[in-house]
Amino acid sequence: MAPLRECAALCRRLHDSARRLEGEARWLRLAPLAGREWFELLRGKLVPQLTDDAFLIAAVVGGTNIGKSVVFNHLAGVRASATSPLASGTKHPVCLVPPGFESEHNLSELFDGFHLEEWSDAEAALRESNDDELFWRTNADLPPNLLVLDTPDIDSDAKVNWARADKIRRAADVLVAILTQQKYNDAAVKAFFRHAAAEDKAVVIVFNQCVLPEDEAYWPLWVGTFCRETGIVPELVYLAPADRNAAESMRLPFYERRWPIEASEGRQNVENFDTVQTDDPEADAPGSSGSRSNDEPRSLREDLSRLHFDEVKLRSLRGSLRQLIDDRSGAPAWLAEVAARSDAFRGAAEHVSAERVVEVHGWPVVPFSLVFEEFWSWWKGHRTGWTRNVTTFYDTVNKGVSWPFRAAREAIRGPEVGDPIAAYRATERDAVLRTAEEVFSKLKLLGDAGGELIRPHFERLATGEKRAELIEFLKREHEASDVRTELRELIANDMRDFLGNRPEVAGWLKKLDLVAVGSRPALSVLLFAVGAHGAEVAAQGLVNVAVDLFAGTAATAAGDTLFTKAAGNLGAAIFARLRAVPDKFAARRAAWLASRLKEHLLGTLPEDLQVAAHLPQSEAFREVEATIEELRRVLSAELQPATIASR
């Protein structure tokens with residue numbers, strides 16, 4: 001059983017990695033794993049049943065009103081399922097388990113997809129319900145490793161019954177097929193058993209409601225037609241007479257008939273059952289039964305208990321494993337589907353990134369007067385002692401001294417209009433709205449170019465409702481932002497780094513403060529006159545004048561020749577640093593808008609597209625692929641076909 005243990009570990013790994021890959025592939029709009037035949041076999045059959053404990057699940061299956069529940073009750077030895085001369089219509093499976101089995105095994109895992117309920121009433125399985133229920137009870141007459149089920153009709157008009165029967169087919173190791181002259185050639189019945197043949201299920205045929213001995217000449221043709229059109233090769237064949245009284249009183253006899261294809265012949269497919277070949281030459285004559293005559297009734301329960309359980313289980317699981325790794329309908333086909341759809345996302349992923357979709361152009365530049373003002377405000381906070389006290393005093397005096405100069409300037413240039421911060425914020429609002437519209441236009445173009453698979457992901461972002469919601473969000477965010485505080489922080493951080501790397505500039509500013517204290521009234525008046533406080537210094541070409549005031553005048557007053565030579569360069573360095581602030585601040589504010597657009601509009605779209613486009617390179621994809629190859633190796637090297645009959 002070592003191969004089974006290895007397969008068990010591989011199946012659990014395949015289940016987990018397939019689930020993980022399904023989550024990563026959600027953008028590909030694939031049909032879910034649940035409902036795919038190979039995955040249902042993996043989840044409902046292989047994962048719970050690949051163990052060292054070889055037990056069999058035998059399910060009684062067939063069409064409507066053919067005596068399934070009668071045969072089931074005979075297997076059970078008790079009236080466990082409701083029967084009637086009319087079609088009783090079993091709606092939910094009924095399962096008999098040997099004593100103690102439920103304490104050692106998880107029945108919910110064995111019958112995945114069903115809600116299990118302990119049996120208390122034979123009529124319970126007949127009730128109408130949209131829930132998939134399975135009723136179970138213990139039966140002391142069963143072998144310790146055999147479970148027996150009665151099932152819904154596989155040819156019912158109710159599709160819910162088909163789904164329930166399919167779940168049982170996947171879970172079962174042995175199917176007890178109940179056939180009649182009316183149902184052996186039914187299309188729905190044959191479709192069900194074609195799936196069973198593809199899974200290499202062990203099948204025991206009970207041809208019920210036979211008129212004996214008249215039907216002895218015909219049942220081989222009926223069974224032959226059924227086997228030829230489904231691919232089923234039965235392990236055992238029984239005939240059961242049409243005897244209502246015997247059926248209701250639990251005395252229905254089952255006569256074994258030897259089917260001509262022996263398991264030892266390699267379980268080859270039957271090519272032509274119209275003439276049935278046997279070991280008895282006389283049996284081939286027209287009108288012969290085509291089988292060994294056996295008038296002694298058999299016990300179905302005892303015959304099932306004599307099966308080689310290990311071999312049947314191995315064969316059942318092998319059939320499911322083959323379905324699982326089938327290139328056309330199994331997990332490999334799903335991987336190919338994932339890879340194909342992933343490739344369709346590659347082009348979109350190359351063109352969709354937060355940086356390419358959210359491109360902020362022409363962001364307004366903050367007036368240099370604000371930069372200059374905030375710089376002096378910052379530097380004031382770094383003055384200490386006597387210098388700080390004096391400059392604070394003169395700042396107060398300046399308000400009175402400088403008013404004639406301001407009045408004269410206003411007479412020439414006109415009064416200052418409005419708050420510069422408010423004016424700047426207004427230009428930002430225009431940039432915000434313009435950029436948002438550009439992003440929406442890009443999303444529409446990308447969606448139109450992406451095709452049916454990709455378009456829905458873009459369309460949901462560009463709806464009118466989404467657009468209005470985003471605009472309101474951006475307005476609120478912009479209103480809540482504090483431009484002056486951000487500018488102040490940028491200047492403080494920038495100057496801290498600059499002066500930290502250029503200590504001579506910091507020293508020069510301190511010397512300048514000391515020199516400026518002695519000539520503070522004149523220096524203040526000059527600065528106000530040229531507009532260094534509040535004027536557009538850079539715009540007016542007065543940078544050099546300001547540098548001269550900072551450097552040349554102060555240095556001359558100090559009488560320090562070394563200081564005089566260096567002063568111009570140091571002052572220019574500060575101004576050059578400050579001149580770069582407006583562009584840095586514009587970049588910072590543009591990045592603020594881009595981050596809001598990405599967060600509130602794009603979300604994880606760019607990242608999700610990248611994931612979808614590169615799924616074949618993902619860890620989950622590679623693990624599914626590698627696990628399939630490992631299962632192929634184990635199947636080809638270890639698991640060989642086995643016969644199941646012990647007699």
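Restricting the search to helices (runs of 4 or more DSSP H) fully inside region 151-241 and requiring at least 3 residues that are of a type outside the set (S, T, N, Q), closer than 18 Å to Leu56 by Cβ and assigned by TED's automatic domain parsing to the domain that holds Val71 gives 159-171.
Before we move on, is Lys190 in contact with a strand residue (DSSP E or B) (Cβ under 8 Å, 6 or more places away or on another chain) and of a type outside the set (A, V, I, L, M, F, W, C)? Answer is no for this residue. Take Ala462 and decide whether it is modelled with pLDDT of 85 or more and touching a Leu at 6+ places or on another chain (Cβ under 8 Å). No: the conditions fail for Ala462. Scanning region 302-335 for residues that are in contact with a strand residue (DSSP E or B) (Cβ under 8 Å, 6 or more places away or on another chain), modelled with pLDDT under 85 and either under 21 Å from Leu42 (Cα atoms) or surrounded by fewer than 20 Cβ atoms within 10 Å (Cβ to Cβ) (or both) gives Ser305, Phe309, Val312, Lys313, Arg315, Ser316.
The C-beta contact set for region 237-259 (first residue on the phi > 0 side of the Ramachandran plot, second residue buried (at least 21 other Cβ atoms within 10 Å of the Cβ), distance under 8 angstrom, 6+ apart or interchain) comprises Met250/Asn73; Met250/His74. Within region 228-235, one or more residues are more than 17 Å from Glu296 (Cα to Cα), hydroxyl-bearing (Ser, Thr, Tyr), in contact (Cβ under 8 Å) with a residue 40 or more places away in the chain and buried (at least 20 other Cβ atoms within 10 Å of the Cβ). The set of residues in region 342-377 being more than 18 Å from His478 (Cβ to Cβ), modelled with pLDDT of 70 or more and among the small types (Gly, Ala, Ser) consists of Ser342, Ala344, Ser369, Ser377.
The values are calculated or read from the model by the stated rules, or taken from the named source; none is laboratory data. A quick note: this is a predicted structure, and the numbers were derived from the prediction, not measured. Heads up, the Cβs are rebuilt from the backbone with ideal geometry, glycines too, and the neighbour counts pull from every protein chain shown.
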